[in-house]
Amino acid sequence: MIDVRDPATGQVIGSVPAGGSPEAIDAIGRAASALPAWRERSGAQRAATLRGAESLMRQRKERLAAIITSENGKPLEESRGEVDYSADYLASAADEAERLHPESVRSRRPDRRLRAIPDPVGVVGAITPWNFPLAMLARKTAPALAAGCTQVAKPSELTPLSAIAFAELLAEAGLPDGCVNIVTGDAATISGAWFSDGRMRKLSFTGSTETGRILMHAAAQHVVRLSLELGGHAPFLVLADADIDAAVAAAMAGKFRVAGQTCVCPNRFIVRASVHGTFAQRLAAAASALVVGRGSDPATKVGPLINDDAVAKVERHIADAAAGGGTVLCGGGRVRVSGCLDRFVAPTVIAGVRHDCLAFREETFGPVAPIAEVGSVDEAIALANATPWGLAAYVMTRDAATLERVGSQLRCGIVGGNVGVISDAYAPFGGCGWSGFGREGGRWGVEEYVSWTYRCDAC
Ligand code: SIN
């Protein structure tokens, strides 16, 4: 068995099976057996099951939020938001299930009738991270089911309890046995078994670029389709004409969510010299007012980091930025929380960092806002694009034309204009470059699980 621990205290809050290859193959077998009946259901029938699950999820918000907070550590208020976000994925996928139907295709030849028939990809896999233990699975399961696929899923071993609660909820909503099969245990062993077996026809993964590369190699063996949502390294541009208070509000909303541990958290603040000082001071004032503590405490705005390695990385980034001449305006180190492990980092704002500091070269995944000055909009765009990652980017400006121009020149999958939280279950979430490929959410998310059969009939 694997113990699941509260990241704030280290206390064991549950345990799950340490599944290996036999469990992984057994799950594939169950998903394969369930596939024919599930794919035969109409889109409207599949939508009804998804809507039932959505409704149960909204009713169970408090219970699910408590599970998320207990295993991830994020503040309860954020966990409630995550439950809503997850329910939105079920709702959005249900809409798409109802819309998915064969399409007539225009032909130049009058003696032919052309159609495109949407078929489910088949048995699909999901590997999900610990930062959104419910939403990242809902985001993969809901569209897979909408398209008529059945699924095997491996949640992070740090946060498997939300995934198990989700699978139970789906069963209660009437999802037939075998349609969603959770396997807990070592990711490499489980995914290795799935790839070697060959019956899993697609895998959707959210996690690191490093693991994404390994999965790409493994997928080659049986030519398995992939969606990869890998790391981010989001630039947050504050242009000279920005409304600074609005920019600070957007930065606060995006930067300190899940203690800075999301792939779309602003990681590099790139600010025009004329507003750098004002923006940095106001951001530091707001950040230093955030209450750091256990997620279960209603006053908490920033919870613990997920583990000791995460804390060590964040500290390296802070030390490097300061050593390179950056000024730590607030935070800068750990905060002691009574009765807890030493895993809490104070919201940190560092002004005047070098363009080549560590935090500008790699994702921090923590509550640190390094701010670099730039002399022009073009320099801001060039610095924003000076990375192989490309998930999200943010632009703060009062001018709509500038927003359009800058937004279109940023090399990434998602651009937020004067907002700090861009996540929406109805929109195509995903990146480019080292941030991966494939989209999740809305019709784009469902499309990833559809294989179109082209029918060409003589008539
Ligand atoms: C992520 O961190 O991977 C997802 C963030 C989100 O959906 O908001």
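The values are calculated or read from the model by the stated rules, or taken from the named source; none is laboratory data. Not measured: the values here are computed from a predicted model. Glycine also receives a Cβ, built like all others from the backbone with ideal geometry; neighbour counts cover every protein chain displayed. Note: areas computed on protein heavy atoms with side chains; ligands, DNA, RNA excluded. Shrake-Rupley method; radii C 1.70, N 1.55, O 1.52, S 1.80 Å.
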Using only the alpha carbons of the chain, what is the convex hull's orientation-averaged projected area in square nanometres?
22.6 nm²
Residue (of Val415, Ala250, Ala310) at the positive-pole extreme of the chain, dipole from beta-carbon charges
Val415
Pairs on different chains or at least eight residues apart, Cα atoms closer than 25 Å: how many lysine pairs in the chain fit?
17
Dipole magnitude of the range 45-111 about its Cα centre, charges +1 at Lys/Arg Cβ and -1 at Asp/Glu Cβ only, in debye to the nearest 20?
280 debye
What ³J(HN,Hα) values, in whole Hz, does the Karplus curve 6.51 cos²θ - 1.76 cosθ + 1.60 give for the range 244-254 when θ = phi - 60°, with x put for Gly and Pro?
5, 5, 5, 5, 5, 4, 5, 5, 5, 5, x
Carbon and sulfur %, accessible surface of the chain computed with the full protein complex present, 1.4 Å
52 percent
Compute the length gained on full extension between Ile164 and Asp111: take 0.36 nm times their separation in residues and subtract their Cα-Cα distance, giving the result in nm to one decimal.
13.8 nm
So what J values fall out for the range 11-21 if you push phi through Karplus, 6.51 cos²θ - 1.76 cosθ + 1.60 with θ = phi - 60°, rounded to Hz, Gly and Pro as x?
6, 6, 10, x, 8, 9, x, 8, x, x, 4
Return the inverse of the average 1/r over all pairs of distinct C-alpha atoms in the range 97-181, which is the Kirkwood hydrodynamic radius, in Å to one decimal.
14.7 Å
Quick one: which residues, 5+ away or cross-chain, put their amide H under 5 Å from the amide H of Leu203? H built at 1.01 Å from N.
Gly125, Arg225, Leu226, Ser227
Evaluated at q = 0.08 Å⁻¹: base-10 log I(q)/I(0), Debye formula over Cα of the range 235-417
-0.23
Taking θ = phi - 60°, what integer Hz values does the Karplus form 6.51 cos²θ - 1.76 cosθ + 1.60 yield along the range 339-354, in sequence order, with x for Gly and Pro?
x, 10, 6, 8, 10, 9, 10, 5, x, 10, 10, 10, 8, x, 7, 6
Provide the per residue accessible area, probe 1.4 Å, for the chain, rounded to a whole number of square angstrom.
38 Å²
Enumerate the amide H contacts of Ile13 below 5 Å, restricted to partners 5 or more residues apart or on another chain; note that Pro and chain-start residues carry no placed amide H.
Val4, Arg5, Asp6
Amide H to amide H, which residues 5 or more places from Val335 or on other chains are under 5 Å from it, using H placed in the peptide plane?
Phe344, Val345, Ala346
Over the chain, the sum of -39500 (n - 2.57) across DSSP H runs of at least four, divided by residue number and rounded to 500 deg cm²/dmol, gives at 222 nm -13500 deg cm²/dmol
What is the helix-to-structure angle for 187-197, meaning the angle in degrees between its Cα long axis and the longest Cα principal axis of the chain, kept from 0 to 90 and rounded to the nearest 10?
30 degrees
